[in-house]
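Since the structure comes first, as C-alpha cells, the remarks are kept for the end.
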Amino acid sequence: MIKAVICGYAGKMGARIACLASKENGTRVILGLEAKGHPSVGSKFAYGEVSDRLDDIKAADVLIDFTVPEATMAHLTAAVKYKKAMVIGTTGFTEEQIKKIKDAAKKIPVVLSPNMSIGVNLLFRLVKEAAGKLSKDYRVNITEAHHIHKKDAPSGTAKKLAQVIKEASAREVEDIRSIREGEIVGDHKVTFDGPYDIIELSHSAKTRDIFAKGALAAAKFIAGKKPGLYDMQDVLGDIK
C-alpha cells in the first residue's frame, strides 16, 4: 500500500485525486497539505487530516503536488529532507525553479509533467512521430484552450508539444494560440499544414479526473524508484 500526501488537498485537483484514491486499491491518502491559515487545516478524512506542517510528510511514501510554483518548491525541499518521492503536476515554473527540481531529482525520485493525462501523453508520442515523418513544407501551429482561471499562457502542455516538435524535427512552431473561456478543462490541437493536405492531432479533456488518474498512476510508478527525473512517458511504459 502506497501512502500518499496530496499537496493542495482542498483544491479542485486535490479533491479529485483524493476521491479517486479512495475508490481504488494500492494507494492510501494519509495527509493533505494546505497553506497556513487555510480553513480546511485540521479537518479529518478517512485515513488522515489536513495539515499546514511540512514535517508531517514523514510517514508518507510519495507527495502528489498540483499547487503553484512557490508552494511546490517548499514541498520539494521537504521531500528532499525526508527522502520522499514526488509527483509534480504544477506548471508555470521559471528556469531557475526547473533547475532546482532537476537538482532535487539527484536525491529523490521525481515525476515532472505539465500534463498527467494518459491521453495527452499519448498525444505527445503521436505528435513526435508526425513531426519526424513530415517534411519541412508543413507549417506547424498549436491551439490550446482552458478555463478562465488558468494563470499561465501558453499552457505547459502547449509548450511541451512545441518542445517535442522541435526535438523531433528541428523546426519551430509558428504560432501557439491560447484561449481562456468559461470552464474548459483542457483542449490541445496540433495542426500540420502542408502544400497538399492538413493533418490535425488533438485531445480534449472532459473532466479533471483524467489528470487525477494519471497522477495516481505516476505515484504508483515512482514509489520505491531510484532518484532521478522521470516523466509520464516513463509512467506509460510501466502501466499494464
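The values are calculated or read from the model by the stated rules, or taken from the named source; none is laboratory data. On a predicted model such as this, the values are computed, not experimentally measured, just so you know. All Cβ positions, even for glycine, are placed from backbone atoms using ideal geometry, and neighbour counts span all protein chains on display.
Checked against the criterion of being closer than 24 Å to ILE6 by Cα, touching a helix residue (DSSP H, G or I) at 6+ places or on another chain (Cβ under 9 Å) and assigned to a strand (DSSP E or B), the range 94-103 contains not a single residue that satisfies it. Only residues that are among the hydroxyl-bearing types (Ser, Thr, Tyr) and without any contact (Cβ under 8 Å) to a residue 40 or more places away in the chain were counted in the range 139-189, giving 2.
Report whether or not LYS166 is among the charged types (D, E, K, R), over 26 Å from VAL5 (Cα atoms), modelled with pLDDT under 95 and over 14 Å from the mean Cα position of the chain (by Cα).
Working: among the charged types (D, E, K, R): yes; over 26 Å from VAL5 (Cα atoms): yes; modelled with pLDDT under 95: no; over 14 Å from the mean Cα position of the chain (by Cα): yes.
So LYS166 does not fit the description; no.
Residue by residue through the range 1-14, note down the ones that are in contact with a Lys or Arg (Cβ under 9 Å, 6 or more places away or on another chain) and either surrounded by fewer than 18 Cβ atoms within 10 Å (Cβ to Cβ) or β-branched (Val, Ile, Thr) (or both). If the condition is that a residue be in contact with a Lys or Arg (Cβ under 9 Å, 6 or more places away or on another chain) and either surrounded by fewer than 18 Cβ atoms within 10 Å (Cβ to Cβ) or β-branched (Val, Ile, Thr) (or both), then MET1, ILE2, VAL5, LYS12 are the ones that fit. Against the test of being outside any helix (DSSP H, G or I) and loosely packed, with under 12 Cβ neighbours inside 10 Å, the options ILE148, ILE142, ILE199, ILE184 yield a single qualifying residue, ILE148. When ALA78, ALA46, ALA59, ALA85 are checked against the criterion of being farther than 29 Å from ILE184 by Cβ, buried (at least 20 other Cβ atoms within 10 Å of the Cβ) and over 17 Å from the mean Cα position of the chain (by Cα), a single residue qualifies: ALA78.
Considering only the range 69-93, state which residues are without any contact (Cβ under 8 Å) to a residue 60 or more places away in the chain, assigned to a loop (DSSP other than H, G, I, E, B) and over 20 Å from LEU216 (Cβ atoms). Scanning the range 69-93 gives TYR82, LYS83, PHE93.
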